[in-house]
Amino acid sequence: MSKISKERKVTYYIGIGMGILGFILFISVFFSFTSVMDDPFEATLPSFSNAIVGMLLIIGGSIVASIGAKGAAGSGLKLDPEQAREDLKPFNEAAGGMISDVISNIDAIDHIRKPQLPKETIKIRFRNCKGLNDEDAKFCKSCGQEI
């Protein structure tokens, strides 16, 4: 059974922490804005830079958490299909093998798109009954006599 490495777990939790910090910064603008409305003469207007920094932290945190959860290849950061399959193994096992089913269906679709041409076979006509047989046949398919 494949396990998620410590580095990926740490990366995931850092991303979650960044998202939470960004959410707190984003929400803090609205709370400081309401305090301005309570006493408009005492306070100045709030700085909306906290909201912008908060949104950037939320977006960056979700990207970092995705990389930590799925690995660099699994999240699409690194273009290596074999490494992506390896990175997604823990999720595949947790989901009961559904990801493998999807990948095998994709492989099956590739075979449908690129059909295999039938192998060319040479037939010979048997003199006695005029039946068609493969060139390496020892007996006739129609009458059963030795060729």
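Per-structure values
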read-out: Residue-wise HN-Hα coupling along the range 56-62, computed from phi with Karplus coefficients 6.51, -1.76, 1.60 (Hz; x: Gly, Pro); value: 5, 5, 5, 5, x, x, 5
read-out: Label-point gap, in nm, between SER49 and LYS6 - each point 7 angstrom along Cα→Cβ; value: 3.8
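All of the numbers you see were taken from the coordinates with simple rules; none came from a lab. These numbers were taken from a predicted model, which means no experiment stands behind them. Here the Cβ is made from the backbone with ideal geometry for all residues, glycine too, and neighbour counts use every protein chain on show.
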